[in-house]
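Below is one structure, written out as C-alpha cells, with a few remarks after it.
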Amino acid sequence: ETCTSTNKGPVIPTTPLVIFLEKVQEAALQSYGYKGFDAKLYVDMSLKQNLSATVEAFNKLPRTVNGSIPTHDLDVFIGKYLNGADEDLVYVEPVDFVAEPEVFLPKVKNSEVRAWALEVHSLWKNLSRKVSDHVLENPELYTLIPLKNPVIIAGSRYREVYYWDSYWIIRGLLASKMYETAKGIVSNLVSLIDQFGYVLNGARAYYSNRSQPPLLAAMIVEIYNRTGDLDLVRRSLPALLKEYHFWNSGIHKVTIQDAQGSNHSLSRYYAMWNEPRPESSTIDSKTASKLPNICEKRQFYRELASAAESGWDFSSRWMRNEPDLTTTSTTSILPVDLNAFLLKMELDVAFLANLVGDTSIVARFTEASQNRQRAINCIFWNAEMGQWLDYWLGNSYTSEDIYKWEDIHQNKKSFASNFVPLWIELFNSDDITTRKVVQSLENSGLLQPAGIAGTLSNTGQQWDFPNGWPPVQHMIIEGLARSGLEEARALANDIVIRWIRTNYVAYKKTGAMYEKYDVTKCGAYGDGGVYAAQTGFGWANGVVLALLEEFGWPEDLKIDCY
Ligand SMILES: OC[C@H]1O[C@H](O[C@H]2O[C@H](CO)[C@@H](O)[C@H](O)[C@H]2O)[C@H](O)[C@@H](O)[C@@H]1O
C-alpha cells in the first residue's frame, strides 16, 4: 500500500484491547442490528478476565451463514466476559458540594429562575465520578485512562472526561463555588500532558490519537482569578509549555505568506490516526465504503478524526462538498477558532508566568501573542464581511513549501466559529472591529430565536443548522459583553435571554439539560448526527450557571418562551 500523496502524517497505535472491543462492536451491529445501536458502548466495556482468554472465547463463538454471531450466544458472551460500560468510574460525592452555596448567583432575582438554577447546580452530583479501585488494580482490562482526582463527566454516552467540555464545566463549578473539584479537574488534565505530551480528546485509550480545542491555560486563569492559588499555577506551567509545543510544531503547524510577503505561523487540527475512530468504527467504515481505494479511505479517516479533534464533529464547515461527509477535509483548513484559542493560550501563559515571576516565559509568550494577532488579522479577517474566515490551504506554495495567501481561499460562509476571536480582549476592545462584527452577526442568519446556530447549512450533521452549542454561545456572549460598545452589550444580553429561556423551557418540559439545542425554536433540544440527543449535560449546566452569575435575571423578566 503506497498512499504517500494522500495519507500524510503520523499514527499513534491504539491498544490490543481497543482493537478487540471494536470486533465486539462489529459483531453487536451484525447480530442486534442498527435499532438502538451505539457503537461507543462496546469500546467502553471492560474485561472480566485477561485479554487472551477473552479473545479465545470470542473466537469460538458460533457463526451463522452470513457470518454473524447468534444473538443469544453474543448475549451470553458479553454477560460472561465483559463488564458494563459504566463500571469503571463510580459515583463520588463532590467534597465541596453544598445544596445552596453562600452568595449563589446574587444577580438572579426571579424566584423561578433561582429555583431552577439550584437544580442545575445539583446536577454536578449526577456527573461526579472517581476511577474505581478495579481500574487502578488492573488498568490493562479497561479502556478508561485512570485519573487521580474525581472527575466531572460530560454526560450520558460521554461517560468520561472531555478536554474542551471541561472549560465550561469549570466555569459552572466556579459559579457553584466548587473550587476543589475544579482544581482536581485541571490536575487530571495536567497529568495527561505529563503522560502523553498533550491533553487527549477524552480520557479513553481510543482518544490518544488526538487532542481537542486547547483551553487548559484558560481554565487555570479562571481558577486562579477566583482562588489565588499560585501553587496550581506553578505546578501547571511546565505542562502548558509542552502543550504549546504540541500545537505549534510538526503536523499542526502551517507557515503562510500574506499578500505583502510576510510569513506567519498558524495552526490546524491534525489527528495522528488514519483508521476508523474506534468509538465509531462500524459507522466510519460504512461511510468510507463508497470511497474507491484504501488510500482515500485512510485519508478520510484522518479527516474525520481531525474533525473530532476540533470538537466540531461533524459539520459542513469541514466539507469540500457539503453535505457529503466523505469530502471532510479538516487538515486542509486553518481554523479561526483554533488560532483564537492559541492566541488566548499565549496571553494566558504570559499572565500565569508573570504571577510566578518567570520573565523569560512572559517575554516569549507576549511576542508569540503579538505575532498570532497579526496573523489572525492578515489571514482570517475579512473587513467586508466583518468576520474572521477559515482559510482553505490551496496548492500555491512559495519555493520553500510555504503556503501563499489568496483571497479566494478564505471560506466566505458564515459559521459561528467566525466570531470566536471576539472572545479575546485584544479584539473586543477595538470598537471599530466590534461594531462591524456585531452588524455582521446580526445579518448573518446565524442568530435565531433561541440562540446562535453553528452554521447555516442543514446537512443533518450535529454541528450544523439548526443546532446551537453551549460553548459557542458562551464565547460569543462574553466577547460581546466585554466590549465597550453599547450595541454589543445589548446584543449579548439579548442572546443570554434567548439561551437561558430555551434551556429552562426544555428542562421544564423534559427534566433534562442537553448537549445542544435546536436554536430555531425556544424550548427545543438538538438532534442530528449518528447518536440520540444526550442529556446531563456538563457544558450546558456550566454555561447556564456562568451566564446567570454574570448577567443575572431580573425579578419581572418572563422566563417562559413567548
Ligand atoms: O463519539 C463521537 C464523538 O463524540 C465526541 O464529540 C462530541 O461530544 C463531546 C463531548 O461532549 C464534545 O466535546 C464534542 O464537541 C462533540 O462533538 C468526541 O469528542 C469525539 O471525538 C467523538 O468522535
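The values are calculated or read from the model by the stated rules, or taken from the named source; none is laboratory data. All values derive from a computational prediction rather than experimental measurement. Cβ coordinates were reconstructed from backbone atoms using ideal geometry, including for glycine residues, and neighbour counts include every protein chain displayed. What goes into the accessible areas is simple: the full protein's heavy atoms, side chains included, and nothing from ligands, DNA or RNA. Shrake-Rupley method; radii C 1.70, N 1.55, O 1.52, S 1.80 Å.
The helices (runs of 4 or more DSSP H) found entirely in region 104-197 that carry 3 or more residues being of a type in the set (A, V, I, L, M) are 111-127, 163-175, 179-196. Among the residues of region 125-144 satisfying the criterion of being within 16 Å of the ligand (Cβ to nearest atom) and in contact with a Phe, Trp or Tyr (Cβ under 8 Å, 6 or more places away or on another chain), which is farthest from V543 (Cα to Cα)? Within region 125-144, the match that is farthest from V543 (Cα to Cα) is T143.
Can you name the residue in region 29-64 that is within 16 Å of the ligand (Cβ to nearest atom) and part of a helix (DSSP H, G or I) and, of all such residues, is farthest from N83 (Cα to Cα)? So, considering only residues that are within 16 Å of the ligand (Cβ to nearest atom) and part of a helix (DSSP H, G or I), the one farthest from N83 (Cα to Cα) is L29. Tell me, which residue of region 456-492 that is open to solvent by 40 Å² or more (accessible area, probe 1.4 Å) and among the aliphatic types (A, V, I, L, M) is farthest from the ligand (Cβ to nearest atom)? Taking the candidates together, the pick is A490.
Restricting region 146-163 to residues that are on the phi < 0 side of the Ramachandran plot and within 10 Å of the ligand (Cβ to nearest atom) leaves a set whose member that is surrounded by the fewest Cβ atoms within 10 Å (Cβ to Cβ) is R157. Applying the criterion of being more than 23 Å from D96 (Cα to Cα) and more than 13 Å from the ligand (Cβ to nearest atom) to the residues of region 180-204, the residue that is most open to solvent (accessible area, probe 1.4 Å) is Q195.
For S332, the conditions (1) within 13 Å of the ligand (Cβ to nearest atom); (2) within 24 Å of L389 (Cβ to Cβ) are fulfilled apart from (1). Candidates in region 532-561 are the residues that are of a type in the set (G, A, S), outside any loop (DSSP other than H, G, I, E, B) and in contact with a Lys or Arg (Cβ under 7 Å, 6 or more places away or on another chain); of these, the one that is nearest to the ligand (Cβ to nearest atom) is G542. Does region 519-531 include one or more residues that are within 22 Å of R129 (Cβ to Cβ), within 14 Å of the ligand (Cβ to nearest atom), modelled with pLDDT under 95 and touching a Gly at 6+ places or on another chain (Cβ under 6 Å)? No, region 519-531 contains no residue that is within 22 Å of R129 (Cβ to Cβ), within 14 Å of the ligand (Cβ to nearest atom), modelled with pLDDT under 95 and touching a Gly at 6+ places or on another chain (Cβ under 6 Å).
Here G394 meets the list (1) part of a helix (DSSP H, G or I); (2) open to solvent by less than 20 Å² (accessible area, probe 1.4 Å) almost entirely, failing just condition (1). For region 215-224, does any single residue satisfy the condition of being at pLDDT 95 or above, within 16 Å of the ligand (Cβ to nearest atom) and part of a loop (DSSP other than H, G, I, E, B)? Yes, because at least one residue in region 215-224 is at pLDDT 95 or above, within 16 Å of the ligand (Cβ to nearest atom) and part of a loop (DSSP other than H, G, I, E, B). Scanning for something surrounded by fewer than 22 Cβ atoms within 10 Å (Cβ to Cβ), more than 16 Å from the ligand (Cβ to nearest atom), modelled with pLDDT of 95 or more and part of a loop (DSSP other than H, G, I, E, B), does region 497-507 turn up at least one residue? No - not one qualifying residue is present in region 497-507.
Yes/no per residue for (1) of a type in the set (D, E, K, R); (2) in contact with a Pro (Cβ under 7 Å, 6 or more places away or on another chain); (3) within 16 Å of the ligand (Cβ to nearest atom); (4) open to solvent by 10 Å² or more (accessible area, probe 1.4 Å):
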position	(1), (2), (3), (4)
K290	yes, no, no, yes
C295	no, no, no, yes
L304	no, no, yes, no
A308	no, no, yes, no
G311	no, yes, yes, no
W318	no, no, yes, no
E346	yes, no, no, no
L355	no, no, no, yes
D358	yes, no, no, yes
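Taking region 251-280 as the range and being at pLDDT 95 or above, open to solvent by 50 Å² or more (accessible area, probe 1.4 Å) and of a type outside the set (S, T, Y) as the test, the residues that pass are K253, N263, E275. Considering (1) within 16 Å of the ligand (Cβ to nearest atom); (2) in contact with a Leu (Cβ under 6 Å, 6 or more places away or on another chain); (3) of a type in the set (G, A, S), the lone condition that S166 does not fulfil carries the number (2).
Scanning region 227-268 for residues that are touching a His at 6+ places or on another chain (Cβ under 9 Å) and under 28 Å from I185 (Cβ atoms) gives F246, S267, R268. Of all residues in region 494-550, those satisfying the criterion of being among the aromatic types (F, W, Y) and either without any contact (Cβ under 8 Å) to a residue 40 or more places away in the chain or farther than 26 Å from K177 by Cβ (or both) are Y514, Y517, Y525, Y531.
Residue count for region 397-412, restricted to those that are assigned to a loop (DSSP other than H, G, I, E, B), open to solvent by 30 Å² or more (accessible area, probe 1.4 Å) and within 25 Å of I251 (Cβ to Cβ): 5.
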